[in-house]
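The values are calculated or read from the model by the stated rules, or taken from the named source; none is laboratory data. This structure is a prediction, so every number in the text was calculated from the model and none was measured. Cβ placement follows ideal geometry from the backbone for every residue including glycine, while neighbour counts extend to all protein chains displayed.
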Amino acid sequence: MSHDSHAEVEDRAVFRSMMEGTAEDWAIISRDYNAFASTLADRVLTHLRLLDGDFGGFPVDRLTHSLQCATRAHRDGRGETYVIMALLHDIGDTLGTYNHPEVAAAIVKPFVTEEEHWICQNHGAFQGYYYFHFLGMDRNMRDRFRDDPHYAACAEFCEKYDQSAFDPDYDTLPLSFFEPMLRRVMAKPLKRQPTSAVAA
């Protein structure tokens, strides 16, 4: 075995099952996890860019819609975590075709408030108010959440920022404008998550 190969092995845990793990193994894993977590914003931006050119029949592509939603929220004076939630609310479209709000909500959860997470997770039902009836569905599906304390906030998000963000003539801010904001928001979770030490 070459010296380089030996060094690579030393940089990895040696257990074959977690029951065999040692403090040294988990120190290695934790170190690598922290390094990986530090580049999360890069991966999120890369994935967000996959929405570029993906129209799905809409008047603007999904990236433009996301940027326009965030732009409207920003110009309305919303805070950074809210704006980033707005920016990422549809990032789940590519992998979560049938449950994109939940996918997006899982990504933003560590970095936004409880209300902002709730908005992201449930915006699909609220957005449906504007089109479900054209597809033979119940446009008032959102009313099942009527008694939730975040109902009004989610309805407002969809009315003011989401359903109105399909205007090809709107002065939408570019992704480069939001990138520093996204990096600030995703630099550190608002509160420690149960799985924040390592991802296994």
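Contact annotation: residue pairs with Cβ atoms under 7 Å, 6 or more positions apart or on different chains, pairing a residue in segment 1-22 that is closer than 17 Å to residue 33 by Cβ and at pLDDT 50 or above with a partner that is in a helix (DSSP H, G or I) and among the β-branched types (Val, Ile, Thr), are 11/28; 12/28; 13/28; 13/29. Please work out if residue 105 is assigned to a loop (DSSP other than H, G, I, E, B), crowded, with 21+ Cβ neighbours inside 10 Å and in contact with a His (Cβ under 7 Å, 6 or more places away or on another chain). When the stated conditions are applied, residue 105 does not pass them. Taking the numbered list (1) modelled with pLDDT under 95; (2) outside any loop (DSSP other than H, G, I, E, B) in turn, residue 195 passes all entries but (2). Checking 98, 82, 130 one by one, the residue that is over 22 Å from residue 47 (Cβ atoms) and either surrounded by fewer than 19 Cβ atoms within 10 Å (Cβ to Cβ) or among the hydroxyl-bearing types (Ser, Thr, Tyr) (or both) is 130 and no other.
To keep it simple, each residue is scored yes or no on (1) among the charged types (D, E, K, R); (2) under 16 Å from the mean Cα position of the chain (by Cα).
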site: 29; (1), (2): no, no
site: 32; (1), (2): yes, no
site: 51; (1), (2): no, yes
site: 80; (1), (2): yes, yes
site: 84; (1), (2): no, yes
